[in-house]
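The numbers here are math on the coordinates, done by the rules we state, and not lab data. Not measured: the values here are computed from a predicted model. Neighbour counts are summed over all protein chains in view; Cβ atoms, including those assigned to glycine, are modelled from backbone coordinates with ideal geometry.
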Amino acid sequence: MKENEPEQTSFNLDKNSGEPSSPGDIVISNGETFEWISHPAKKNKYITILVSIFIVILVFLVYMMTFSVWFSILGFIILYGSLSSFYFPTRYKFTEEEIIVKTTMQTLHKKWSQYRSYYPDKNGVLLSPFIRPTRLENFRGIYIRFWNNRDEVIAFVKRKMAQLRPDDKGI
């Protein structure tokens, strides 16, 4: 380096800056915040291709039945919009006080104290505001999708439920 040239400044950004940058990045900071991004369309490319072909076929059928470009566009928007949680990433963040779920259209902030039970399955965990299973929990609860972090999510949820309801046994 020549004496007259100024020293070059590096702008390397730390990957663990507190937010995951791509699906699969899991950030745990201070044991109090746990966040990750879930993107189901990226997880299984074969299913994504099949669903996309299915949508195109349905939009084509709508066009052939109505001969209306506008109905076809509307059909595409409705079908694609109803599958937005599949096609677009969802960001989850657990803090000591709340659960934050950020999708493309909305951000949900829910307090841990709202939930009284949880039910894990192979793809995620359902947080329910009811003590016992009921048909309403699918409408009032919140479903948290895993992304190669099943054990960590269940452990965090189990710990929070034990803190909030020490007399309850959990699942």
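Here are the numbers:
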| item | result |
| --- | --- |
| 5 angstrom amide H check on PHE146, placed H, neighbours 5+ away | GLY124, VAL125 |
| R0 of 25 Å, Cβ-Cβ distance PHE86-THR107: FRET efficiency to nearest 0.05 | 0.85 |
| Cβ-based exposure ranking for ILE154, ILE49, in which fewest neighbours within 10 Å come first | ILE49, ILE154 |
| Ranking of HIS39, HIS109 by count of other Cβ atoms within 10 Å, fewest first | HIS109, HIS39 |
| Distance (nanometres) between label positions extended 7 Å along Cα→Cβ at ASP121 and ASP151 | 2.4 nm |
